[in-house]
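Here is the structure we will look at, set down as structure tokens.
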2 protein chains.
Amino acid sequence: MTDPIDPQHLDRLAEVAVKVGLNLQPGQDLILTAPIEALPLVRRVAAAAYRAGAGLVTPIFSDGDLTLARYRNASDASFDRAADWLYEGMARAYDAGAARMAIVGDDPMLLSEEDQDKVSRAGKANSIAYRPALEKIANFDINWTIASYPGAAWAGRMFPDLPEAEAVAKLTAAIFAASRVTEGDPVAAWQAHNAALRTRTQWLNGQRFAALHYTGAGADLTVGLADGHEWHGGASEARNGVVCNPNIPTEEVFTTPHAARVEGVVRATKPLSHQGSLIEGIEVRFEGGRITEARASRGEAVLLKLLDTDEGARRLGEVALVPHSSPISASGLLFYNTLFDENASCHIALGQCYSKCFLNGATLSQEEIAARGGNASMIHVDWMIGGPETDIDGITADGTRVPVFRKGEWAE
Amino acid sequence: MTDPIDPQHLDRLAEVAVKVGLNLQPGQDLILTAPIEALPLVRRVAAAAYRAGAGLVTPIFSDGDLTLARYRNASDASFDRAADWLYEGMARAYDAGAARMAIVGDDPMLLSEEDQDKVSRAGKANSIAYRPALEKIANFDINWTIASYPGAAWAGRMFPDLPEAEAVAKLTAAIFAASRVTEGDPVAAWQAHNAALRTRTQWLNGQRFAALHYTGAGADLTVGLADGHEWHGGASEARNGVVCNPNIPTEEVFTTPHAARVEGVVRATKPLSHQGSLIEGIEVRFEGGRITEARASRGEAVLLKLLDTDEGARRLGEVALVPHSSPISASGLLFYNTLFDENASCHIALGQCYSKCFLNGATLSQEEIAARGGNASMIHVDWMIGGPETDIDGITADGTRVPVFRKGEWAE
Ligand SMILES: [Zn+2]
Ligand SMILES: [Zn+2]
Ligand SMILES: [Zn+2]
Ligand SMILES: [Zn+2]
């Protein structure tokens, strides 16, 4: 049997993750999280990082069976614990200049059969512990990126009717294409893609919309944008001065909505995979920025627990635009993985906003961000609301409406 | 082909590591380090730990190829870096009550072909970074243990002429036997073994020797014992009150020598595997407790770099007695792994002493330990000096000589 994961393309994915994703600087340390299954990519990333002059690459691995060992054997009290010492250490490493890469690729439904109360408690404990490290990512203090590896369990969820090797081969092809490593010169391909996204963000930033109004696909939703918001997409400069691509792949342009100015109803257009569970058929109503009604045809209990994580979990922290014709969307695949699915569709995110999505965001205090409408929460969960029927108007401060999306595509 | 590592015995090894090695307490977190190859044991340890009531089990994995990726690709400056953030975090976790397990099993000669200057610098940087966490282990603040997994590269070093599966099967059998998991009731077998070791330590503690005098096997060595030293072996109580077995397997009884009272010459009776290099034919002279002459027939440069790590690296921090007929010695195997080889032979260790090897050690300050002759260093390297010719006399304060070992065995 031939290897379903071509090693040359894996080398190029490692190179793209280090050079484009991180733009790792000589002497920078790197903290890398990954499932053990992604070891072939982790080894290549480490080699590429060291060739780029990395100080020390420290990998932190996870394993699905180890996670399940906890759910199947641990005492009840275990589910309120988290590795705060590890996250606090990561936060200190970021302060000292380390970059961060996450490689995703594990089973998106690993925990779907486990006790959802325990899943939710463990997730919340982990979110609280992770906060000091996550804040530095959310504030874009350092260059960071997320890339992906075609894990067998993940492939099996996407292609349940195929033999494992075929499923992995299909997921591999999708990841390699979306990550632009099948093109002649992947780094040049990424430069062209980043330039195209920059054209969109420059237009949006010139418009200075006060709100976006969504219709179609079950939506009648007005999303007020934060005061002094700024659109971002593709390559972006972290506060440490390094221009990086936080997601490999990425197709979105995004900014910060106003936490108190969201009104109306919206439906999810794709299932949401959250902490190993699938939530389908989400429908919510916003009033004064807050979700006041929520239901789901599957996983409603998980959704409601998520919304109750903290006060900010019922408000938006991100609004993002992705045309329906984007390559990931055109693949027709549902990945059950935010990194891919959010880049196939217009989406919103519950929870924490990105401070970089403000004019001069790097200079703003948490209080100033909140005053401009930036939301705060320990969660940040992206959730797809776009489709081929989606129309979006930009509404300026004087009430003028400007077409932004028509039938799921950029209006101009 | 049958699995060369029997899963039932692996389950029992996990059980012994958690129940006997750690004696993990309900609610205790566990930090576990292991090579990725040991994943089948790590998963079983996690399950056993959670069944024992563990809070959270956090595994930190290493990988030989990742380590080599650094040596083969990194810039020179990389080799002075270490993951201080990770070790400081571990130290804080121990302060907060976590237990610690290390699973060893990687290639003992992984780094033997790499630039030894880089190996030494990376080792030193790691030792400095590791110090805050290692001190809590050395001071026995918490229950901890080391167990082992039969990794293929390790097995290949021990049995270079055998096919991999046969080599792994042989190493597996040796590990299972030495770890007492092939016996009917492994936990009861460990209780009996601990009782036998306690008989030896009680006799030695009753004698209150001022020094041990070694002859045979190329030795004429007088090792002064620290003032107020105490012999330990087998199960022992950590400062957190938990009685654990820090090594699985263990055959030694050991105490703290006096850092300034070692005189004479001694030869290594087995090769020493240190940081992926093999040091053979070590011969040293001690004067006033300090190594003043040192040579080796192989790896002398590695030895000399080790001795120059810091001032305490040339002085002894441990002296340990193991009869030549001990099961690991009787296997006739050289493991190239301290956990096994030190338990096949009388040995001494360069570097840091164990504060628990003093009467009321838990109450002593670093200054009081130093005043009693306890050595301090960032290294602790065990090194085998016993064999079938080894004679040892205990010398009491008034000069009386008492036979301790004759021809490699306990004299009584
Ligand atoms: Zn997004
Ligand atoms: Zn997002
Ligand atoms: Zn020892
Ligand atoms: Zn030792």
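The values are calculated or read from the model by the stated rules, or taken from the named source; none is laboratory data. Treat the numbers as computed from the prediction; the structure is a model and nothing was measured. Positions of Cβ are generated from backbone atoms using ideal geometry, with glycine treated the same way; all protein chains shown enter the neighbour counts.
Within segment A:69-97, work out how many residues are under 24 Å from A:ASN240 (Cβ atoms) and at the interface with chain B (Cβ under 8 Å from one of its Cβ atoms).
Within segment A:69-97, the subset under 24 Å from A:ASN240 (Cβ atoms) is A:86-97.
Cutting the leftovers down to at the interface with chain B (Cβ under 8 Å from one of its Cβ atoms) gives us A:86, A:88-90, A:92-93, A:96.
Number of matching residues: 7.
Tell me which of these B:ARG100 doesn't satisfy, since it passes every other one: (1) within 13 Å of another protein chain (Cβ to nearest Cβ); (2) in a helix (DSSP H, G or I); (3) among the basic types (Lys, Arg); (4) surrounded by 19 or more Cβ atoms within 10 Å (Cβ to Cβ).
(2)
Identify, by number, the condition in (1) within 20 Å of A:GLY218 (Cβ to Cβ); (2) at pLDDT 95 or above that A:GLY387 doesn't meet.
(2)
Give the number of residues within segment B:57-96 that are in a helix (DSSP H, G or I) and within 15 Å of B:LEU24 (Cβ to Cβ). Spell out the reasoning first.
If we filter segment B:57-96 for residues that are in a helix (DSSP H, G or I), which is where we start, we get B:64-73, B:76-80, B:84-95.
Remaining after also requiring within 15 Å of B:LEU24 (Cβ to Cβ): B:93-94.
Looking only at that region, the number is 2.
A:GLU283 fails exactly one of the following numbered conditions: (1) of a type in the set (Asp, Glu); (2) within 26 Å of A:ALA370 (Cα to Cα); (3) modelled with pLDDT of 95 or more. What is the number of that condition?
Going through (1) of a type in the set (Asp, Glu); (2) within 26 Å of A:ALA370 (Cα to Cα); (3) modelled with pLDDT of 95 or more one by one, A:GLU283 breaks only (2).
Got at least one residue in segment A:393-410 being in contact with a helix residue (DSSP H, G or I) (Cβ under 8 Å, 6 or more places away or on another chain), among the β-branched types (Val, Ile, Thr) and within 16 Å of ligand 2 (Cβ to nearest atom)?
No, there is no match, as no residue in segment A:393-410 is in contact with a helix residue (DSSP H, G or I) (Cβ under 8 Å, 6 or more places away or on another chain), among the β-branched types (Val, Ile, Thr) and within 16 Å of ligand 2 (Cβ to nearest atom).
Somewhere in segment B:218-234, is a residue without any contact (Cβ under 8 Å) to a residue 40 or more places away in the chain and away from ligand 2 (no atom under 16 Å from the Cβ)?
At the first step, the residues of segment B:218-234 found to be without any contact (Cβ under 8 Å) to a residue 40 or more places away in the chain are B:233.
Pick out the ones that are also away from ligand 2 (no atom under 16 Å from the Cβ) and you get B:233.
Yes; the residues of segment B:218-234 include at least one that is without any contact (Cβ under 8 Å) to a residue 40 or more places away in the chain and away from ligand 2 (no atom under 16 Å from the Cβ).
Check off (1) in contact with a strand residue (DSSP E or B) (Cβ under 9 Å, 6 or more places away or on another chain); (2) surrounded by fewer than 21 Cβ atoms within 10 Å (Cβ to Cβ); (3) among the hydrophobic types (A, V, I, L, M, F, W, C) for A:ALA77 and give me the number that stays unchecked.
Tallying (1) in contact with a strand residue (DSSP E or B) (Cβ under 9 Å, 6 or more places away or on another chain); (2) surrounded by fewer than 21 Cβ atoms within 10 Å (Cβ to Cβ); (3) among the hydrophobic types (A, V, I, L, M, F, W, C), A:ALA77 fails exactly one: (1).
Wholly within segment B:197-265, which strands (runs of 3 or more DSSP E) include no fewer than the required count, namely at least 1 residues that are of a type outside the set (A, V, I, L, M, F, W, C) and within 14 Å of ligand 3 (Cβ to nearest atom)? Spell out the reasoning first.
On the way: elements: B:211-216, B:219-225, B:253-255.
Here the list reads B:253-255.
Is it the case, given these coordinates, that B:PRO150 is crowded, with 18+ Cβ neighbours inside 10 Å, in a loop (DSSP other than H, G, I, E, B) and at pLDDT 95 or above?
Values: crowded, with 18+ Cβ neighbours inside 10 Å: yes; in a loop (DSSP other than H, G, I, E, B): yes; at pLDDT 95 or above: yes.
Spelling it out, B:PRO150 is indeed crowded, with 18+ Cβ neighbours inside 10 Å, in a loop (DSSP other than H, G, I, E, B) and at pLDDT 95 or above.
Given (1) under 30 Å from B:ALA178 (Cβ atoms); (2) touching a residue at least 40 places away in the same chain (Cβ under 8 Å); (3) aromatic (Phe, Trp, Tyr), where does B:PHE79 come up short, assuming only one miss?
Going through the list (1) under 30 Å from B:ALA178 (Cβ atoms); (2) touching a residue at least 40 places away in the same chain (Cβ under 8 Å); (3) aromatic (Phe, Trp, Tyr), B:PHE79 breaks only (1).
Would you point out which residue out of A:ALA362, A:ALA313 is among the aliphatic types (A, V, I, L, M), modelled with pLDDT under 95 and away from ligand 4 (no atom under 16 Å from the Cβ)?
On the way: A:ALA313 fails: modelled with pLDDT under 95.
It is A:ALA362.
Scan segment A:307-330 and tell me whether some residue there is buried (at least 19 other Cβ atoms within 10 Å of the Cβ), more than 19 Å from the chain's Cα centre (by Cα) and in contact (Cβ under 8 Å) with a residue 12 or more places away in the chain.
So far as segment A:307-330 goes, no, none of its residues is buried (at least 19 other Cβ atoms within 10 Å of the Cβ), more than 19 Å from the chain's Cα centre (by Cα) and in contact (Cβ under 8 Å) with a residue 12 or more places away in the chain.
From A:LEU333, A:LEU278, A:LEU303, grab the single residue that is outside any strand (DSSP E or B) and in contact (Cβ under 8 Å) with a residue 40 or more places away in the chain. Let's see the steps before the verdict.
Numbers: A:LEU278 fails: outside any strand (DSSP E or B); A:LEU303 fails: in contact (Cβ under 8 Å) with a residue 40 or more places away in the chain.
Exactly one residue qualifies, and that residue is A:LEU333.
Listed residues A:LEU171, A:LEU225, A:LEU272, A:LEU212; which is at pLDDT below 95 and buried (at least 22 other Cβ atoms within 10 Å of the Cβ)?
On the way: A:LEU171 fails: at pLDDT below 95; A:LEU225 fails: at pLDDT below 95; A:LEU212 fails: at pLDDT below 95.
Of A:LEU171, A:LEU225, A:LEU272, A:LEU212, the one residue that is at pLDDT below 95 and buried (at least 22 other Cβ atoms within 10 Å of the Cβ) is A:LEU272.
Among the residues of segment B:316-337, what is the count of those that are within 10 Å of ligand 4 (Cβ to nearest atom) and either within 14 Å of another protein chain (Cβ to nearest Cβ) or within 17 Å of B:GLY387 (Cβ to Cβ) (or both)? Explain how you work it out, then say what you get.
Restricting attention to segment B:316-337, the residues satisfying the condition of being within 10 Å of ligand 4 (Cβ to nearest atom) are B:317-320.
From what is left, the residues that are either within 14 Å of another protein chain (Cβ to nearest Cβ) or within 17 Å of B:GLY387 (Cβ to Cβ) (or both) are B:319-320.
Of the residues in segment B:316-337, 2 are within 10 Å of ligand 4 (Cβ to nearest atom) and either within 14 Å of another protein chain (Cβ to nearest Cβ) or within 17 Å of B:GLY387 (Cβ to Cβ) (or both).
Restricting attention to segment B:342-376, report how many residues are within 16 Å of ligand 3 (Cβ to nearest atom), outside any strand (DSSP E or B) and out of contact with any Asp or Glu (no Cβ under 8 Å at 6 or more places or on another chain).
The total comes to 6.
With respect to B:TRP144, determine if the residue is more than 24 Å from B:ASN375 (Cα to Cα) and either more than 9 Å from chain A (Cβ to nearest Cβ) or at pLDDT 95 or above (or both). Please lay out each step first, then the result.
On the way: more than 24 Å from B:ASN375 (Cα to Cα): no; either more than 9 Å from chain A (Cβ to nearest Cβ) or at pLDDT 95 or above (or both): yes.
Answer is no for this residue.
Only one of (1) surrounded by 23 or more Cβ atoms within 10 Å (Cβ to Cβ); (2) more than 30 Å from B:MET158 (Cβ to Cβ); (3) within 15 Å of ligand 4 (Cβ to nearest atom) is not met by B:LYS356, so which one is it?
(1)
Is it the case that A:MET384 is closer than 26 Å to A:ALA411 by Cβ, away from ligand 4 (no atom under 16 Å from the Cβ) and under 15 Å from the mean Cα position of the chain (by Cα)? Write out each step before concluding.
On the way: closer than 26 Å to A:ALA411 by Cβ: yes; away from ligand 4 (no atom under 16 Å from the Cβ): yes; under 15 Å from the mean Cα position of the chain (by Cα): yes.
The answer is yes for A:MET384.
Search segment B:277-306 for residues being charged (D, E, K, R) and within 25 Å of B:VAL404 (Cβ to Cβ), and hand back the single one that is farthest from the chain's Cα centre (by Cα).
Here is the first cut: in segment B:277-306, the residues charged (D, E, K, R) are B:280, B:283, B:285, B:287, B:290, B:293, B:295, B:298, B:300, B:305.
Checking which are within 25 Å of B:VAL404 (Cβ to Cβ) leaves us with B:283, B:285, B:287, B:290.
Numbers: B:GLU283: 21, B:ARG285: 23, B:GLU287: 25, B:ARG290: 21 Å.
Ranking the candidates gives B:GLU287 first.
Test B:SER345 against the criterion of being among the hydroxyl-bearing types (Ser, Thr, Tyr), modelled with pLDDT under 95 and either in contact with a Pro (Cβ under 7 Å, 6 or more places away or on another chain) or farther than 25 Å from B:ARG285 by Cβ (or both), and give yes or no.
no
Can you tell me which residues in segment B:38-56 are outside any helix (DSSP H, G or I), at negative phi and facing chain A (nearest Cβ under 7 Å)?
B:ALA54, B:GLY55, B:LEU56
Any residue at all in segment A:156-166 that is assigned to a loop (DSSP other than H, G, I, E, B) and either of a type in the set (Ser, Thr, Tyr) or closer than 21 Å to A:VAL42 by Cα (or both)? Full working, then the answer.
The first filter runs over segment A:156-166 and keeps only residues assigned to a loop (DSSP other than H, G, I, E, B), leaving A:159-163.
Those left that are additionally either of a type in the set (Ser, Thr, Tyr) or closer than 21 Å to A:VAL42 by Cα (or both): none.
There is no residue in segment A:156-166 that is assigned to a loop (DSSP other than H, G, I, E, B) and either of a type in the set (Ser, Thr, Tyr) or closer than 21 Å to A:VAL42 by Cα (or both).
Within segment A:191-199, does at least one residue satisfy the condition of being touching a helix residue (DSSP H, G or I) at 6+ places or on another chain (Cβ under 9 Å) and of a type in the set (Ser, Thr, Tyr)?
Start the filter on segment A:191-199 by keeping residues that are touching a helix residue (DSSP H, G or I) at 6+ places or on another chain (Cβ under 9 Å), which leaves A:191, A:194.
From what is left, the residues that are of a type in the set (Ser, Thr, Tyr) are none.
Within segment A:191-199 (the criterion being touching a helix residue (DSSP H, G or I) at 6+ places or on another chain (Cβ under 9 Å) and of a type in the set (Ser, Thr, Tyr)), the answer is no, since none of the residues qualifies.
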